[in-house]
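Presented below is the structure to which this report refers.
The values are calculated or read from the model by the stated rules, or taken from the named source; none is laboratory data. Here the structure is a predicted model, which is why all the values come from computation and not from measurement. Because the Cβ atoms are built from the backbone with ideal geometry, glycine has one as well, and the counts that use them run over all protein chains shown.
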Amino acid sequence: MTGETGGPLAGYRFAGGGTAAADHAGGLAAACGAVCVATSEPTLRLVDPFGRSAAIPRPDGDPVIDWAASGALWLTGRRWCPPLVPPGSAASLAAGGGLLLSLLSRLVAQPVDVDARALLGERAAAARFGRRGPRSCGGATRLLAAADGPVALTLARPSDRESVPALVSQEQVDDPWLALRDWVGRRSAAHVVERAALLGIPAGAPPATPDDPDRFDWTDAGPRTLPSADPPRWRIVDLSGLWAGPLASQLLALAGAELIKVESVRRPDGTRRGPKPFFDLLHGGHRSVALDFGDADHLRGLRRLFASADLVIEAARPRALAQLGIGPADAGGSWLALRAYPIGGPRENDGGFGDDVSVAAGFVVRDRSGWLPVADALADPIAGLSCAVAGLAMVASSRRWNCETSLYGLLRPAAPADVSAPAAAARRGLRGWFVAGASAPVRVERPRARRSKQPAANLGADTAEIIAKLPKVPPC
């Protein structure tokens, strides 16, 4: 967080602490500019600059309890083997994000109360994924053993598979994963990640040295006029895809925002090809605009749409938007850019998906046979929750904000200090799997998903109506 600007929660005060989730809520509030005061009170409280406050009970729990309740623990391990307890406190970080979202929404919008821990398992529940280490739950990512530790590689796109022969220096590869296993095993994890990044293949390995990246990089872009309606009705234009950005948008819609999802007619959101219940969950009730980004008239329409927005959420490579001549200056309100890795860091131009970025942030488990991924694309729901908090803070602010953030930077605060120790395994009981809690055994919950009350709109269903109603803006 930049010291000069503070963030959209500057002037707010967060009071609370005492549990892992409450401490993470305070850390996220501080990353958005709030002053945090540690207390042992049984409530968590957020006070705005005018003295208005919201309070909720402080939940009990520790990282193991939060993991067990989230569904993420169920997804960690090998098929037909016991679930493994993940390291770190990502489920508590999710819980903390949900607590802060609940507090902030009570002050500035409609109250949003979700079981934030359960968001970690929603995609798996909708797609009926299970644990299948060393593969990811979705199957596109695998953990391989390099000469000095684990490394994750993702072959989610045809281009990723097509790049494998160049990566392993072979003219032809019959089985890409077999070729990668042999090639990776003779090299350091850092070398594998560097080479893969040069070819555009998403890859990640746990950090060799500790780091503490900023969660958000804030820039104050000047004053703005707040909506006059009570309760306020904000327009969110979501240019992101897959899981993290759409989850943030979906949570903002619960707070009362109008959501407009923008997709390319040539490359729609890949989640449309996945389980329909999951796509409906993220986009049910939202309006759909589809544009050809190679068409000058369509780009003018996109700029007009941005000018009408209180918040634009995008997750494109910086170069991609720069080539289109689009950026934060086009937004009428605030702009939130979500990347795989932090801008200004050594991997700022690298792409990544939730599973390989989670490994890069330090989330792996180890059993007697090797290294395994943690949960399902863990970085995505964590980033979605955190971006929902940041987005709500931005649209409720009297200032316009430009925010840069990343999957890696938002997950890293919950990362374990040591990934080398073998993970504890759950034990079978009469009513399922159990793990040892602080005072008693804790049941490992299966992944579960909310259900959408409405289906998602067809691609571009609202394009003509929305563009026609937009005010004209001068050409760039």
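In the set (1) outside any helix (DSSP H, G or I); (2) under 23 Å from the mean Cα position of the chain (by Cα), the condition left unmet by Val64 is number (1).
Residues checked against (1) more than 19 Å from Val357 (Cα to Cα); (2) touching a residue at least 60 places away in the same chain (Cβ under 8 Å):
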{"site": "Gly185", "(1), (2)": "yes, no"}
{"site": "Gly200", "(1), (2)": "no, yes"}
{"site": "Pro210", "(1), (2)": "no, yes"}
{"site": "Trp218", "(1), (2)": "yes, yes"}
{"site": "Glu258", "(1), (2)": "yes, no"}
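Could you run through the range 23-39 and say how many residues are in contact (Cβ under 8 Å) with a residue 40 or more places away in the chain and either more than 23 Å from Ala396 (Cα to Cα) or not in a helix (DSSP H, G or I) (or both)? Walk me through it before giving the result.
Just the residues of the range 23-39 that are in contact (Cβ under 8 Å) with a residue 40 or more places away in the chain, to begin with: 23-29, 31-33.
From the residues that got through so far, the ones that are either more than 23 Å from Ala396 (Cα to Cα) or not in a helix (DSSP H, G or I) (or both) too are 23, 32-33.
Going through the range 23-39 one residue at a time, the tally reaches 3.
Would you be able to say whether some residue in the range 70-79 is at pLDDT below 95 and in the same structural domain as Leu411 (by TED's automatic domain parsing)? Yes; the residues of the range 70-79 include at least one that is at pLDDT below 95 and in the same structural domain as Leu411 (by TED's automatic domain parsing). Among the conditions (1) in contact (Cβ under 8 Å) with a residue 40 or more places away in the chain; (2) farther than 30 Å from Ser420 by Cβ; (3) not assigned by TED's automatic domain parsing to the domain that holds Phe216, Gly98 misses just one, which is (3).
Being of a type in the set (Asp, Glu), buried (at least 24 other Cβ atoms within 10 Å of the Cβ) and in the same structural domain as Ala414 (by TED's automatic domain parsing) is the requirement here; does Asp310 meet it? Yes. Entry remark, the range 407-433: residues being free of Cβ contacts under 8 Å to residues at least 60 places away in the same chain and in contact with an Asp or Glu (Cβ under 7 Å, 6 or more places away or on another chain) number 1 in total.
Quick grid of which residues meet (1) farther than 30 Å from Arg412 by Cα; (2) of a type in the set (A, V, I, L, M); (3) buried (at least 16 other Cβ atoms within 10 Å of the Cβ):
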| site | (1), (2), (3) |
| --- | --- |
| Leu167 | no, yes, yes |
| Glu171 | yes, no, no |
| Ser188 | no, no, yes |
| Asp211 | no, no, no |
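Considering the range 285-300, the residues that are of a type in the set (Gly, Ala, Ser) and surrounded by fewer than 18 Cβ atoms within 10 Å (Cβ to Cβ) include one that is modelled with the lowest pLDDT, namely Gly294. I need the full set of residues from the range 94-124 which are of a type in the set (Gly, Ala, Ser) and part of a helix (DSSP H, G or I), in order please. Scanning the range 94-124 gives Ala94, Ala95, Gly96, Gly97, Gly98, Ser102, Ser105, Ala116, Ala118, Gly121, Ala124. Considering the conditions (1) out of contact with any strand residue (DSSP E or B) (no Cβ under 7 Å at 6 or more places or on another chain); (2) farther than 30 Å from Ala396 by Cβ; (3) not polar (S, T, N, Q), Trp177 is excluded by exactly one of them, (1).
Suppose we keep only residues that are under 17 Å from Ala388 (Cα atoms) and of a type in the set (Gly, Ala, Ser) within the range 22-43. Which one would you say is surrounded by the fewest Cβ atoms within 10 Å (Cβ to Cβ)?
The first filter runs over the range 22-43 and keeps only residues under 17 Å from Ala388 (Cα atoms), leaving 24-34.
Filter again for of a type in the set (Gly, Ala, Ser), leaving 25-27, 29-31, 33-34.
Details: Ala25: 31, Gly26: 23, Gly27: 18, Ala29: 28, Ala30: 16, Ala31: 23, Gly33: 22, Ala34: 25.
Out of the qualifying residues, it is Ala30.
Selection of the range 296-309 for residues being in a helix (DSSP H, G or I) and either of a type in the set (A, V, I, L, M, F, W, C) or in contact with a Ser or Thr (Cβ under 8 Å, 6 or more places away or on another chain) (or both) yields Ala296, Leu299, Leu302, Leu305, Phe306, Ala307.
Sort out which residues of the range 422-451 are in contact with a strand residue (DSSP E or B) (Cβ under 6 Å, 6 or more places away or on another chain), in a loop (DSSP other than H, G, I, E, B) and at pLDDT 90 or above, and write them in order of number. Within the range 422-451, Ala426, Val444 qualify.
Being surrounded by fewer than 17 Cβ atoms within 10 Å (Cβ to Cβ) and either in contact with a helix residue (DSSP H, G or I) (Cβ under 9 Å, 6 or more places away or on another chain) or of a type in the set (Val, Ile, Thr) (or both) is true of Leu324.
The selection criterion, being surrounded by 24 or more Cβ atoms within 10 Å (Cβ to Cβ) and among the basic types (Lys, Arg), holds for Arg412.
Just to be sure, is Pro268 touching a Gly at 6+ places or on another chain (Cβ under 6 Å), modelled with pLDDT of 90 or more and surrounded by fewer than 24 Cβ atoms within 10 Å (Cβ to Cβ)? Before you say what the answer is, go through the steps one by one.
Numbers: touching a Gly at 6+ places or on another chain (Cβ under 6 Å): no; modelled with pLDDT of 90 or more: yes; surrounded by fewer than 24 Cβ atoms within 10 Å (Cβ to Cβ): yes.
Spelling it out, it is not the case that Pro268 is touching a Gly at 6+ places or on another chain (Cβ under 6 Å), modelled with pLDDT of 90 or more and surrounded by fewer than 24 Cβ atoms within 10 Å (Cβ to Cβ).
Residues in the range 260-275 that are over 18 Å from Leu392 (Cα atoms) and either without any contact (Cβ under 8 Å) to a residue 60 or more places away in the chain or in contact with an Asp or Glu (Cβ under 7 Å, 6 or more places away or on another chain) (or both): Val262, Glu263, Ser264, Val265, Arg266, Arg267, Asp269, Gly270, Thr271, Arg273.
Taken together, Ala145, Ala179 contain a single residue that is small (Gly, Ala, Ser), in a helix (DSSP H, G or I) and either touching a helix residue (DSSP H, G or I) at 6+ places or on another chain (Cβ under 7 Å) or not assigned by TED's automatic domain parsing to the domain that holds Ala377 (or both), which is Ala179.
Among the criteria (1) out of contact with any Cys (no Cβ under 7 Å at 6 or more places or on another chain); (2) among the hydrophobic types (A, V, I, L, M, F, W, C); (3) in contact (Cβ under 8 Å) with a residue 60 or more places away in the chain, the one Leu336 does not fulfil is (1).
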